[in-house]
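The values are calculated or read from the model by the stated rules, or taken from the named source; none is laboratory data. Treat the numbers as computed from the prediction; the structure is a model and nothing was measured. Cβ coordinates were reconstructed from backbone atoms using ideal geometry, including for glycine residues, and neighbour counts include every protein chain displayed. Keep in mind that these areas ignore ligands, DNA and RNA; they rest on the heavy atoms of the full protein, side chains included. Shrake-Rupley method; radii C 1.70, N 1.55, O 1.52, S 1.80 Å.
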Amino acid sequence: PRLCRMEATASAVRDDPSGARGEVLTRGPGGERVLVTGRLVFDSRPPRRLPPARTTLLQHFTGWFVRTGRPVFDPATADLMDFRTPQPARGLSFGYVLPLDPRTALVEYTEFSPAPLDTDGYRRALDHYTHDVLGIGPFDVTAREHGVIPMTDGRFPLRQGRSVYRIGTAGGATRPSTGYTFAAVQRQTRYIAGRLRSGRPLRVPAPYGRRARMMDAVLLRALDSGRVDGADFFDRLFRGVPGERLLRFMDGGSPPHEDLLIGLRTPVVPMLRTVVELPFRPRREHPAPPLAPSSTDTEESTP
Ligand SMILES: Cc1cc2nc3c(=O)[nH]c(=O)nc-3n(C[C@H](O)[C@H](O)[C@H](O)COP(=O)(O)OP(=O)(O)OC[C@H]3O[C@@H](n4cnc5c(N)ncnc54)[C@H](O)[C@@H]3O)c2cc1C
């Protein structure tokens, strides 16, 4: 009974003049302005600017929900990183296939690289992947999705004022080396809820520990500099590390000895060179990345 849900566009989120409460300036659907205040405010709007970083790549992708003329997909098998896509000059690319039934799947083209493609670039990449790599024959596209996720070793500030906290991607919950976010968001929000329920003062921890962030910084730099070949790097990891352990690692929850074993599966010399070089690289502003709102559209079309 004490919960009030409202939908509106927030244009400003900040401490109130006294600093004791947070305030959110909003506009409702009819354009009316409403000021909402609270003892605490949590802001998960996508960040407009990325923090200064030694390396910033973007994980950008477009997917088609396809319906094929004949059964070509195995609904029991998801392909998560298929590196048979042409590799970009910087970073890496891969396709993935999430089948829903033998004739329907989400087919995605993803790049980790400095800048997104234009619409035509994603169309060409998906044309090539579906026709020339997967060979799925004629199909209809029933819906599309698009996303841009920052992969950066910049530090996202967890607080934006005395009463305002950033959460989700805006609060650094995106794992820099993979773009995975859901699990960290759930950990973060569960922790905050528990803390508030217990009445203890709120201290929001960084979503990933120092060791995970350090390893990610090394990997991002090694990928961006071209020192390691991205496709070969992940191929080695998937072949050489048991699935459960790799998932724990990707989620930032693996113990030190497992991190070491995983490190030994990587190209050790280029990674060590990157470790040595990293402290000397300055943190720079990233030229305003077009972190356009991610979207999923439904439509019927044949490419
Ligand atoms: C297509 C796609 C697939 C993904 N798949 C995965 C996956 O499989 N696993 C994974 O871990 N991560 C995945 N991600 C990464 C994903 O970004 C995060 O997992 C997650 O959605 C981030 O949560 P968030 O709460 O930080 O941001 P969002 O989920 O983006 O939430 C931000 C919210 O803020 C609202 N908002 C924005 N501006 C305003 C404003 N001015 N006023 C009011 N509200 C506003 C938005 O409408 C949105 O609801 C995927 C991302 C995309 C785009």
### Message
If I compute solvent accessible area with a 1.4 Å probe over the protein chains, what percent of it on the chain is carbon and sulfur?
### Response
56 percent
### Task
Obtain the nm distance between the two label points defined at R273 and R90 by a simple spin-label model: each point lies 7 Å from its Cα along the Cα-to-C-beta direction.
1.8 nm
## Note on the structure
Taking a ≥ b ≥ c as the square roots of the Cα gyration tensor eigenvalues, with a/c under 1.5 meaning rounded and otherwise prolate when a/b beats b/c or oblate if not, segment 1-80 comes out prolate
### Task
Determine the gain in length on full extension of the stretch F280-E244; use 0.36 nm per residue of separation and subtract their C-alpha separation, reporting nm with one decimal.
9.5 nm
### Task
Would you mind pulling out the separation of the Cα centroids of segment 7-53 and segment 212-239, in Å?
37 Å
### FRET E, pair R27, T189, Förster distance 35 Å, beta-carbon r, rounded to 0.05
0.85
### Summary
Sorting A89, G171, L202 by the position of each Cα along the dipole of the chain (Lys, Arg +1; Asp, Glu -1; all at Cβ), the one nearest the positive end of that ordering is L202
#### Entry: Full-stretch length increase - R124, D74 - with 0.36 nm per residue and alpha-carbon distance subtracted
15.5 nm
### Summary
Computed from the beta carbon distance with a Förster radius of 22 Å, FRET efficiency for R39 and A206 to the nearest 0.05 stands at 0.45
### Task
Send over a whole-number figure in Å² for the accessible area per residue of the chain, probe 1.4 Å.
55 Å²
### Message
On the Cα set of segment 210-280, report Rg and Dmax in Å, please.
### Response
11.6, 35
### Query
Mind listing the Cα extents of segment 66-188 along all three principal axes, in Å, largest one first?
58, 32, 21
### Task
Determine the relative contact order of the chain: mean sequence separation of Cα pairs under 8 Å and six or more apart, normalised by residue count, in whole percent.
23 percent
### Task
Mind jotting down a quarter of the surface of the convex hull over the alpha carbons of the chain, in square nanometres, one decimal?
19.4 nm²
### Message
Using Cα-Cα distances under 8 Å and only pairs 6 or more residues apart, what relative contact order does segment 210-280 have, in percent?
### Response
44 percent
### Query
What are the ³J(HN,Hα) values, in whole Hz, obtained from phi via the Karplus relation 6.51 cos²θ - 1.76 cosθ + 1.60 with θ = phi - 60°, for each residue of segment 183-195 in sequence order, with x given for Gly and Pro?
5, 5, 4, 5, 4, 5, 6, 5, 5, 4, 4, x, 5
### Message
Would any residue of segment 20-49 have its amide N under 17 Å from a label point 7 Å out along Cα→Cβ of S11? List them or say none.
### Response
23-37
### Query
How much mean residue ellipticity at 222 nm does the chain get from its helices, if each DSSP H run of length 4 or more adds -39500 (n - 2.57) and you divide by all residues, to the nearest 500 deg cm²/dmol?
-8000 deg cm²/dmol
